[in-house]
Each structure stands twice: as C-alpha cells, then as structure tokens.
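Asker: Below: one structure in structure tokens.
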Amino acid sequence: MLEMKRHRYYLHPRTRAFSLTEMLVVVGILIVVVGLLLPAVMRARQRAKQTQCMNNLRQIGAFYTEYADRNDDDVPLGISRFSDPTHKGPVPINPPITWPSYFTRLNQYLWVEGAPSSAMGPFFLGRMITPDNAKLLYCPSEQEEEFRWESHKPLFGRALAGEPVSIVTGYAVRPIELLWTHDHVKHTVEYPKLMAKLNEHINHAIVAEHPQLQPYSHGSPKAEVIHALYGDGGVRAVPYKVFETSFYEYVTIVPFTLPGTTFLSNLKAINESDPKARSIWQDLDRYR
C-alpha cells in the first residue's frame, strides 16, 4: 500500500514595496520637517553664542575689578603704538600714513612683540589670563579670522616662552589717550605713568566687541548688535543704530585714510575733552 504523505502548505504574506510616489511623499515631508527645524536650531546655536560672548565680557569685568582692587584702582585701557613711527609692526599699514599723537584703531592689542599692551596685557602678565582660559578673550561668533580664537591660540604659549609675538584680542578697550609705547628692538613697553582709574569709568563702556570695525557678529544684517562691558561690571547688547552716525563720521571724516589714524577721525572714536560729544564710545556710554 502506498503511504500517503501529508504535506502542509503555508501561505506567506507578500511584502508590498513602496511605490515611487509614496517615497517621494515621504522625502517631501522630511524636507519640510528639516526646513522647519533647521532655522530653530540655528537660532538656538546663535543665542548660545551670544550668551557665551556676554559671559566672556562678564568674566573680563571680574578681572578688571580684581586688578583694580590689587593696584590702587588702576586698570589697563588706552592705545598701543611703537616708539619708532616708521616701524610697520605686526599689522603693516600700506601706504604709510601720517603719525598723529595716537591711533584709536590700535586698541585691541594684548601683547606687542614680547611685552604687555593696553588691551588687558597686564592680566596676562599677572597670570589672571592663561593659555587655558584665554579663549574668553574672543567672541565665539566673530566673523573676521584676524580676531578669532583659533588664529591666536598658539601665540599665548609662545608669549609665555619669551618669543616676541603680538596678540590681538577679540574685544577692544576704551581708546583713551593713554599710550602704551613699544620698543620693537628691545621688546619692552613704556606704559602710562598715570593709569586709568576704574572708578572714573564706572559709567563708561570700557571693553566691547570692536565698535570701530565692521562687520559686527550679532543680530541681523539690518539690525546689527555688539556687546559692551561697562565699568560697573554690567554687560549690554548695544544696537548698531545707537552709534551709527558716529561710526559713519569716523570712517568718512578724512577721505582716503584709514579710520582711527588721524586727529579728526580719532575724535569720532572718542572725544575726551567734551563729555557731551557724539562719538562711538560716548554713544555706547549713553546706552547704559
């Protein structure tokens, strides 16, 4: 007898692939979702950078207070220059320009060819600022490579090793007529005999993202903003429109010259002889 074998047959459900139309719909939805989320993510990142920039300035303000407490209220502010006006220095100026009493544009140098300078140089000399925390001297949103942390990070260690390097910070100091005069041969500095007193600048902007140089790093193209530290330790976000008129005059008052390198242009950066004058830094003062 033939044995009849039972065979079991299983029905397997057929898998159905996505159609091209369905895939395009899914891709379209993803693109829309990403398009909605990306601007929010970018805005959040920008706000985080703005917060970091303001925190940098608050820490710098703490350094100013600490330094003033240790040094009879003296604080570093003012301008860097060379004793030899024909020396081109770390930032060559071409063509040569007239040498006034000082250049208000040179208020961003922490270190000049081996010696401390007006833009918080004594903080580095006294180890309040070190290579480990020097990043706070640079805004994380800075657009210009010349003023970015990445461009200057290696220089701090070299400066401590005694090399005659020059270091520009991402923040400028108030360009009052206190001259830090550097000897590029001996790599020394003659600093002001009468330093600025913090108490005299309690209501003034003393450090800021450089208001004399565009572009600015915060806000929108039509509503730019800079951050400024005041002598009382407060930090403000200052709209460009606050000092727009003074800035325009600063860059145009003497045609065909670099702003901040002539007497008239200097007065549009700051006019110490007239407390009521319209100038860039005095406009910042009034916004306080």
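Asker: May I ask you to sort His182, His204 by Cβ crowding, counting other Cβ atoms within 10 Å and putting the fewest first?
Answerer: Details: His182 29, His204 22.
Fewest to most other Cβ atoms nearby, the residues stand as His204, His182.
Asker: Order of Phe103, Phe263 from fewest to most other C-beta atoms within 10 Å? Working shown, then result.
Answerer: Values: Phe103 23, Phe263 12.
Going from least to most buried by this count: Phe263, Phe103.
Asker: Over the range 47-287, what is the relative contact order in percent, taking alpha-carbon pairs closer than 8 angstrom and at least six residues apart? Write out the running numbers ahead of the final one.
Answerer: Working: 476 pairs, mean separation 55.1, N = 241.
Here the relative contact order equals 23 percent.
Asker: To continue, here is another question. If neighbour count is taken as other Cβ atoms inside 10 Å, put Thr188, Thr104 in order from fewest to most.
Answerer: Working: Thr188 14, Thr104 28.
Lowest count first: Thr188, Thr104.
Asker: Further question on the same structure: Through the Karplus equation 6.51 cos²θ - 1.76 cosθ + 1.60, θ set to phi - 60°, convert the phi angles of the range 236-243 into ³J(HN,Hα) values in whole Hz; use x for Gly and Pro.
Answerer: In residue order, the calculated couplings are 10, 8, 9, x, 4, 4, 5, 10 Hz.
Asker: Under 5 Å between amide hydrogens, which residues at least 5 positions from His227 or on another chain qualify, with H placed 1.01 Å from N in the peptide plane?
Answerer: Amide H to amide H, under 5 Å and 5 or more residues apart or across chains, His227 pairs with Glu209, Val238.
Asker: Would you give the gap between the C-alpha center of the range 244-265 and the C-alpha center of the range 144-221, rounded to a whole Å?
Answerer: Computed from Cα coordinates, the inter-centre distance equals 20 Å.
Asker: Here's something else I'd like to know. Regarding the range 47-287, what are the three Cα extents along the principal axes, ordered largest first, in Å?
Answerer: Per principal axis, max minus min of the Cα coordinates gives 44, 41, 35 Å.
Asker: Let's see if you can work this out: charge +1 on each Lys and Arg Cβ, -1 on each Asp and Glu Cβ, no other charges. What is the dipole magnitude of the range 138-276 about its Cα centre, in debye to the nearest 20? Walk me through the numbers before you get to the answer.
Answerer: On the way: 12 positive and 17 negative charges, 36 e Å.
The dipole magnitude comes to about 180 debye.
Asker: On to the next question. Just subtract the alpha-carbon distance of Asp84 and Arg47 from 0.36 nm times their residue separation and send over the number in nm, one decimal. The partial results should precede the final answer.
Answerer: Details: separation 37, 0.36 × 37 = 13.32 nm, distance 4.40 nm.
Using 0.36 nm per residue and subtracting the Cα-Cα distance, I get 8.9 nm.
Asker: Where the only charges are on Cβ atoms (+1 Lys, Arg; -1 Asp, Glu), what is the dipole of the chain about its Cα centre, to the nearest 20 debye? Before the final figure, lay out the partial values.
Answerer: Numbers: 31 positive and 29 negative charges, 372 e Å.
Result for the chain is approximately 1780 debye, rounded to the nearest 20.
Asker: I've got another one for you. Leu125 to Ile202: FRET efficiency via 1/(1 + (r/R0)^6), r the Cβ-Cβ distance, R0 22 Å, to the nearest 0.05?
Answerer: Working: r = 24 Å, r/R0 = 1.11.
For Leu125 and Ile202, the calculated efficiency is 0.35.
Asker: Normalised by the number of residues in the range 212-276, what is the relative contact order in percent for Cα pairs under 8 Å and 6+ residues apart?
Answerer: Details: 63 pairs, mean separation 12.9, N = 65.
RCO, the range 212-276: 20 percent.
Asker: What is the Å³ per residue value for the convex hull set by the Cα atoms of the range 176-288?
Answerer: On the way: hull volume 15.1 nm³, N = 113.
That works out to 134 Å³ per residue.
Asker: According to the square roots a ≥ b ≥ c of the eigenvalues of the Cα gyration tensor, what is the shape class of the range 242-285, taking rounded for a/c under 1.5, prolate for a/b larger than b/c otherwise, and oblate for the remainder?
Answerer: Details: a/c = 2.62, a/b = 1.51, b/c = 1.74.
Judged from the Cα gyration tensor, the range 242-285 comes out oblate (a/c at least 1.5, b/c at or above a/b).
Asker: Give me the number: length gained by fully extending Lys193 to Lys153, i.e. 0.36 nm times residue separation minus the C-alpha to C-alpha distance, one decimal in nm. Walk me through the intermediate numbers first.
Answerer: Numbers: separation 40, 0.36 × 40 = 14.40 nm, distance 3.07 nm.
Extra length from Lys193 to Lys153 when fully extended: 11.3 nm.
Asker: Could you work out how much longer the chain between Arg58 and Leu36 gets when fully extended? Use 0.36 nm per residue separation minus the Cα distance between them, nm to one decimal. Don't skip to the end; give the middle numbers.
Answerer: Numbers: separation 22, 0.36 × 22 = 7.92 nm, distance 3.41 nm.
So the extension gain works out to 4.5 nm.
Readers should treat all values here as calculations from the given coordinates under stated rules, not as data from a laboratory. Here the structure is a predicted model, which is why all the values come from computation and not from measurement. No Cβ is skipped: glycine too gets one built from the backbone with ideal geometry, and neighbour counts run over all protein chains shown.
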